[in-house]
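Please treat every number below as a calculation from the coordinates, not as lab data. Bear in mind that the values here come from a model prediction, so they are computed numbers and not experimental data. Glycine gets a Cβ as well: all are built from the backbone with ideal geometry, and neighbour counts include every protein chain shown.
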Amino acid sequence: MPICISRQYCDTSFGGNPNVDEKILIFEDRVIGWQIAIAEELRRLIDDPKNKGTPIQHAGFALLSILFSYFEMITQYKRGKDSKGKSDKFIKRGLDDVFPNRFTDGQRKDIANLVRNGLYHTTFTKKGVLLHGQYEKSIEIKDGNVLVNPHRLVDDIKVHFEQYIQDLKSRKIDDGKFEKMYDYAMNP
């Protein structure tokens, strides 16, 4: 029985041996279909006035959980290397890639620790992280706190990812790193 490797493709798609262009299509479909589109739909549900007072209205942390893996993942594909043992370094690079020159190294370290490590190790962000759908920027540091607007973060990540895919498809990026990481991720 074929196994789904994205919303549209299974392990037998492309004869079970996709070329680099087909790998880009699969990767794009995975990230859009299993992360970004889900995050967009969750944001829509959060914002829907019909859901006021329901648990879904407070799903900002779930939205953040869906999105925050992006920073480490994108660095792996851009570097062609697994992040094992170097997660914080990869997350910081991913933050800088999505938000160039917005944060100092210390701020990126705080974001990685307080947001990502909090979410993935304790299921909640750590003290000093504030979430709200009305913050002006998707992530900013203010008065020693990390302010996160997960609603805006969806759009920032989507724009970044779409540019990365466009660069891959146009061969603006053709250094073999994407394919190396794709092959590793699909056959660890």
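Couple of notes before you dig in:
- Sub-6 Å Cβ pairs linking a first residue in region 59-72 that is farther than 13 Å from ILE157 by Cβ to a second residue that is of a type in the set (Val, Ile, Thr), at least 6 apart or interchain, are ALA59/ILE46, ordered by first then second residue.
- A count restricted to region 139-164 and to residues that are of a type in the set (A, V, I, L, M) and either closer than 13 Å to PHE68 by Cα or touching a Phe, Trp or Tyr at 6+ places or on another chain (Cβ under 6 Å) (or both) stands at 6.
- Any hit, region 89-100, residues being within 30 Å of ASP174 (Cα to Cα) and part of a loop (DSSP other than H, G, I, E, B): yes
- Residues located in region 26-41, provided they are farther than 16 Å from SER138 by Cα and either crowded, with 18+ Cβ neighbours inside 10 Å or not aliphatic (A, V, I, L, M) (or both): ILE26, PHE27, GLU28, ASP29, ARG30, VAL31, ILE32, GLY33, TRP34, GLN35, GLU41
- Just one of the numbered conditions (1) touching a strand residue (DSSP E or B) at 6+ places or on another chain (Cβ under 9 Å); (2) farther than 22 Å from ARG102 by Cα is not true of ASP167: (1).
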